[in-house]
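A.B. asks: Got a structure for you, written out below as structure tokens; questions coming shortly.
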């Protein structure tokens, strides 16, 4: 068995080569490369896909979240509640707009923000909640939205790992005032470079976002707001339009492979991912837990099986965020997850034979 990578982006390109190459040619021949027709059409198509009214294309998922916060007026001296177990990008975006993250522990079932802990994280400075739909599993949104409504807080969904996931029968990205998406190449819907988008149902927020992503311009060269340069370019938008047509099929393939993993790994000492009854998991990552995670990872590497850890250090223990003031042990589930989680290979082009080989390696490890 040859090596099994975590992801094989070239396979996806090969499958769509004719369409993608023709798209590149079309954009080059049109000669428009920034905020043209391709971006506008992609924004409309992506908004419809997400069951939202508007989508605003931006340069990255991190800036999508930053701009969403800025559009809500979040800034200096404000606090934003979010998950302690997430990519650093989430808190980087909060701090980029001048606010301070307030970290909440996660549940060990979904690996998402625990709504029962929101009250103790609340302060007079809290302006927003950023629930992260981690690994493709939607956060438990109903209690989060109810809490936010009672406290007058914005909810901004971080959907960077959950394109196409649903909660209570609706697509994520359609619940909060705004939602941020990343199109980093490894995402379920990935560009050929960086890219992102913000979705919203509020026309005034959509217009504000369009200004903020380009220096605060509402008319050319006149800055009505203090904004950024964060634009999704025409080429990426055009290529994303092609790939968006395949997203549901790719997500279905991810679920099929995840179910095969779940079947073959049942009865092992692993903690396996759940599929909540109220949600559709899109398995951006297939994440297991094992108390000897590092030994298991080394064993699999010797078999030629590549794995990753998402994420090895929780936010509050990252050296850069020591100033947030959280002591070791203060967010125990996030710390346990960081010590035990392991992402196995999972992408639409993975074969069932490869999944069976990965599972055979894990079972061999279990024999000691």
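The values are calculated or read from the model by the stated rules, or taken from the named source; none is laboratory data. What you see is a predicted model, and the numbers here were worked out from it, not measured in a lab. Glycine also receives a Cβ, built like all others from the backbone with ideal geometry; neighbour counts cover every protein chain displayed.
A.B. asks: Condition check: without any contact (Cβ under 8 Å) to a residue 60 or more places away in the chain, assigned by TED's automatic domain parsing to the domain that holds residue 207 and out of contact with any helix residue (DSSP H, G or I) (no Cβ under 9 Å at 6 or more places or on another chain). Does residue 102 satisfy that?
C.D. replies: Considered against the rule, which asks whether it is without any contact (Cβ under 8 Å) to a residue 60 or more places away in the chain, assigned by TED's automatic domain parsing to the domain that holds residue 207 and out of contact with any helix residue (DSSP H, G or I) (no Cβ under 9 Å at 6 or more places or on another chain), residue 102 comes out as no.
A.B. asks: Next up: Is there a residue in region 323-343 that is assigned to a loop (DSSP other than H, G, I, E, B) and within 30 Å of residue 247 (Cβ to Cβ)? First the steps, then the outcome.
C.D. replies: Step one: of region 323-343, the residues assigned to a loop (DSSP other than H, G, I, E, B) are 325-331.
When the remaining residues are screened for being within 30 Å of residue 247 (Cβ to Cβ), the result is none.
No: zero hits.
A.B. asks: Considering only region 1-19, state which residues are in contact with a helix residue (DSSP H, G or I) (Cβ under 6 Å, 6 or more places away or on another chain) and closer than 29 Å to residue 308 by Cβ.
C.D. replies: 1, 4
A.B. asks: Mind checking whether some residue in region 298-319 is farther than 26 Å from residue 266 by Cβ, exposed (fewer than 13 other Cβ atoms within 10 Å of the Cβ) and more than 20 Å from the chain's Cα centre (by Cα)?
C.D. replies: Looking for residues that are farther than 26 Å from residue 266 by Cβ, exposed (fewer than 13 other Cβ atoms within 10 Å of the Cβ) and more than 20 Å from the chain's Cα centre (by Cα), one finds at least one in region 298-319, hence yes.
A.B. asks: Can you find even one residue in region 1-24 that is outside any helix (DSSP H, G or I) and exposed (fewer than 13 other Cβ atoms within 10 Å of the Cβ)? First the steps, then the outcome.
C.D. replies: Looking only at region 1-24, we keep the residues that are outside any helix (DSSP H, G or I), and these are 1-8, 16.
Next, from what is left, pick out any that are exposed (fewer than 13 other Cβ atoms within 10 Å of the Cβ): 2-3.
Yes: region 1-24 contains one or more residues that are outside any helix (DSSP H, G or I) and exposed (fewer than 13 other Cβ atoms within 10 Å of the Cβ).
A.B. asks: With respect to residue 275, determine if the residue is outside the structural domain of residue 58 (by TED's automatic domain parsing), farther than 30 Å from residue 73 by Cβ and in contact with a strand residue (DSSP E or B) (Cβ under 6 Å, 6 or more places away or on another chain).
C.D. replies: So residue 275 fails the test.
A.B. asks: I would also like to ask the following. Considering only region 269-289, state which residues are under 30 Å from residue 168 (Cα atoms), over 18 Å from the mean Cα position of the chain (by Cα) and outside any strand (DSSP E or B).
C.D. replies: 270, 272, 277, 278
A.B. asks: How about region 49-132: which strands (runs of 3 or more DSSP E) wholly inside it have at least 1 residues that are under 21 Å from residue 333 (Cα atoms)? Write out each step before concluding.
C.D. replies: Values: elements: 54-58, 79-83, 100-104, 126-130.
Of the strands (runs of 3 or more DSSP E) lying wholly inside region 49-132, those with at least 1 residues that are under 21 Å from residue 333 (Cα atoms) span 79-83, 100-104, 126-130.
A.B. asks: So, in region 135-167, of the ones that are part of a loop (DSSP other than H, G, I, E, B) and touching a helix residue (DSSP H, G or I) at 6+ places or on another chain (Cβ under 7 Å), which residue ends up farthest from residue 251 (Cα to Cα)?
C.D. replies: Ranking the candidates gives 140 first.
A.B. asks: Let me ask something additional. Specify the residue that is surrounded by the most Cβ atoms within 10 Å (Cβ to Cβ); the eligible residues are those in region 112-133 that are closer than 22 Å to residue 277 by Cα and out of contact with any strand residue (DSSP E or B) (no Cβ under 7 Å at 6 or more places or on another chain).
C.D. replies: My answer is 115.
A.B. asks: Give region 324-362 a look and list any residue that's loosely packed, with under 13 Cβ neighbours inside 10 Å and over 25 Å from the mean Cα position of the chain (by Cα), or say none.
C.D. replies: Across region 324-362, the qualifying residues are 325, 327, 328, 329, 352, 353.
A.B. asks: Suppose we keep only residues that are surrounded by fewer than 21 Cβ atoms within 10 Å (Cβ to Cβ) and in contact with a strand residue (DSSP E or B) (Cβ under 6 Å, 6 or more places away or on another chain) within region 156-183. Which one would you say is nearest to residue 64 (Cα to Cα)?
C.D. replies: 177
A.B. asks: Could you say whether any residue in region 57-64 is out of contact with any strand residue (DSSP E or B) (no Cβ under 6 Å at 6 or more places or on another chain), closer than 28 Å to residue 168 by Cβ and outside the structural domain of residue 341 (by TED's automatic domain parsing)?
C.D. replies: yes
A.B. asks: Taking the options 137, 97, 72, name whichever one is closer than 19 Å to residue 311 by Cα and in contact with a strand residue (DSSP E or B) (Cβ under 9 Å, 6 or more places away or on another chain).
C.D. replies: Sole residue among the options that is closer than 19 Å to residue 311 by Cα and in contact with a strand residue (DSSP E or B) (Cβ under 9 Å, 6 or more places away or on another chain): 137.
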